[in-house]
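Where a number appears in this text, it was derived from the coordinates with a stated rule and is not lab data. Fair warning: this is a prediction, and the values are worked out from it, not measured in the lab. When we count neighbours, we look across all protein chains shown, and the Cβ atoms used for this are built from the backbone with ideal geometry, even at glycine.
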Amino acid sequence: MEQQTSPTKKPDSLLKSIGPGFLLAGAAIGVSHLVQATRAGADYGFILIWVLVLACVTKYPFMEFGSRFAAGTGRHLISGYKSLGKFPYWIYVVITFGSMFIIQAAVTIVTAGLAERLFNVGLSPFIWSLIILGACIAVLIIGKYPGLDKSMKIIVTILTLATLAAVLMAFGAGTAGKALATEAPSLWATASIGFIIAFMGWMPIPLDASVWHSIWTKERSLQTKQKLSIKGAFADFNVGYLSATFIGLLFFLLGVLVMFGSGTSFSLNSVEFSSQLIDLYGQTLGNWSKPLISVAAFITMFSTVLTVTDAYPRVISELKNPEKDEPQDLKEKWKIYKIAIFIIPMLSLAILFSLSGSFTILVDFAAGLSFLSAPFIAWFNYKLVTGNQMPEKDRPGKAYRIFSLICFGLLVLFNFVYLYYTFFM
């Protein structure tokens, strides 16, 4: 985003390629994990584990295509969409503006609830949201991309270790037997279908985040002054995506092992939800575990707010002239970024203020929108990496294309099921 010299054609080392993947993981590991995955395990037990796996598998190729396109062409996906024609470009614009304020608001209000639970200073969710967004903006304006890159490597590493420790303790507490013995509710009720769709919409991350990853991949190339290889970009993507998938599974297991069969009805208020979440862990694992769970949960959500606060301004700055990368263009984009990084959080705070702290409505609405838009983004990404814009040697092979088309078919099928249950059941 800032003024940079163009990357050289020197091949990148694997170590220097790693970075955007951690940002992807940081963006992914948030509401989808802490709220959606935990709710899935808490309400349905082990029976929904196939939904988690299927969601991650069907999105995999289309998420990977973002970094592949950036490495193969030196451009990000917005530039690619614009070259495909007006329809892909404007569909993406509509999806972005239709979801960014709600997503920013949703991830921030959950983080605010956890912050109050962790620090217990008596501040309202709105004030905590203001503090958290202010801290994220400061990190991004002062540290820019390198600051974000280094922060996320530390956060994701700590988060993985803390969450894994919590899951191992839950297994050690002997709760798996109780979870297996508890009867799960029906998956075919309208409410269940609606939740499953929302769960899949954000697990492990909305598909339009492939655009964010392509922008971060390009920015990484500018920072290291090296042209990324397909191999390096693929390795970096797998670090982030598989980490997000693994941690999603951990939070799902925590929901099953700690909450399933407890009879607890979760609050719509972010602070009360956070307290319920932490207290249930404490009842099962012991009060000594509460600080660990509190820290892990807060880090989970703060990482998401930080990356989302960066991602949307970057997207906005690229919409006008996505194909231009001259120094004067980069300078103008940086100015737009600095304006957007204040405006988007301000409008998101207005949404939070009007809803008075309720967050599950925000989460389910944004997740549903992400789910319905997924086939569009998937098809656009597939067209880009298999078309003439992509160097032939960097295009996916035949077997991978077949796998991608199967995943695309499943995404379309899920959409029809969701629409059927929404309008006819």
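On full extension of the chain, what length is gained from ALA235 through SER124, given 0.36 nm per residue of separation minus the C-alpha to C-alpha distance?
So the extension gain works out to 35.8 nm.
Using a Förster distance of 45 Å, how high is the FRET efficiency between ASN388 and SER354, based on the Cβ-Cβ distance and rounded to 0.05?
0.45
Using R₀ = 25 Å, calculate the FRET efficiency as 1/(1 + (r/R₀)^6) where r is the Cβ-Cβ separation of LEU419 and LEU84; round to 0.05.
Efficiency, rounded to the nearest 0.05: 0.50.
What nm value, rounded to one decimal, do you get for the distance between LEU347 and LYS227 when each label is placed 7 Å out toward the C-beta?
So the label points at LEU347 and LYS227 sit 3.8 nm apart.
If each residue of separation counts as 0.36 nm, what is the full-extension length gain between ILE49 and ASP329 once their alpha-carbon separation is subtracted?
Gain in length upon complete extension: 96.2 nm.
Treating only the Cβ of Lys, Arg, Asp and Glu as charged (+1, +1, -1, -1), what charge dipole size does the range 50-117 show about its Cα centre? Round to the nearest 20 debye.
Here the size comes out at about 240 debye.
Please tell me which of these pairs span more than 32 angstrom C-alpha to C-alpha: LYS333/LYS398; LYS335/LYS393; LYS218/LYS290; LYS82/LYS225?
Result: LYS333/LYS398; LYS335/LYS393; LYS218/LYS290 exceed 32 Å.
Given the Cα-Cα distance of LYS398 and LYS338 and 0.36 nm per residue of separation, how much length would full extension add, in nm? Provide the component values of the computation, followed by the final result.
Values: separation 60, 0.36 × 60 = 21.60 nm, distance 4.26 nm.
Working it through step by step, the gained length comes to 17.3 nm.
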